[in-house]
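As structure tokens, the structure follows; a few thoughts come after it.
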């Protein structure tokens, strides 16, 4: 039975015309599935469904999502990241690892999720803070260029968290299989690459995921090392964000759940 599948040109180019046609004909596609974004059940025979291809260095995984949650697309991810996704699909246990991203001087990017109340509505937010100074590529020394580098990429200075920050074109947040996988940025050759990614998928609360799916966007804030800290409560996280904004060391942007 033909399925209500969307196979994008990029996905078709990766898997080949024959496989794409078999999927569309219903030969190799599941009837029911768990949406790779919201983790609720879907049925490709009853509702529009997107094919999402996660591609690593050696591994590729084809997943399915409600078309209302994610568009059909190819997402480039690191091989270890994809292997973690495969283990989560197959149910193999895996110990949690701290998030990390390429950065100068061995600094890693810590990330905290929380909900912010803005104009009476709860917004899902991510706060990114390095563990140490981030030097501009090709330079040495004790300087911290984290904020200038982000501003050059389109992030805007935030003076307070009473308003939603401006949209950041080309950037997106990858929430797959109900967990946080990466923050994606536009690549020079087209498409997206991971700016930050979890070594292992990070869980988010049901409330955070529900707000993200409702609004189809996530607020991403960033501050230099030592500005925010690992706040365990959302009210304390908001206070830390407000202080960083007042000190002029907070940038932010609003981005969709997945790149287009």
Go over the candidates 29, 37, 44 one by one and state the one that is farther than 27 Å from residue 198 by Cβ, modelled with pLDDT under 80 and buried (at least 21 other Cβ atoms within 10 Å of the Cβ). 29
For residues that are part of a loop (DSSP other than H, G, I, E, B) and loosely packed, with under 15 Cβ neighbours inside 10 Å, scanning just the stretch 1-21, find the one that is modelled with the lowest pLDDT. 1
What pairs come up if the first residue lies in the stretch 133-157 and is assigned by TED's automatic domain parsing to the domain that holds residue 186 and assigned to a loop (DSSP other than H, G, I, E, B), the second is exposed (fewer than 14 other Cβ atoms within 10 Å of the Cβ) and modelled with pLDDT of 80 or more, and their beta carbons are under 7 Å apart, counting only those six or more places apart or on different chains? 154/169
If I go through the stretch 225-247 residue by residue, how many of them are touching a strand residue (DSSP E or B) at 6+ places or on another chain (Cβ under 7 Å) and closer than 19 Å to residue 149 by Cβ? 3
Selection within the stretch 187-206 - modelled with pLDDT of 85 or more and closer than 24 Å to residue 67 by Cβ: 204, 206
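The values are calculated or read from the model by the stated rules, or taken from the named source; none is laboratory data. Quick caveat, the model's predicted, so the values are computed rather than measured. Note that we place each Cβ from the backbone using ideal geometry, even for glycine, and neighbour counts take in every protein chain shown.
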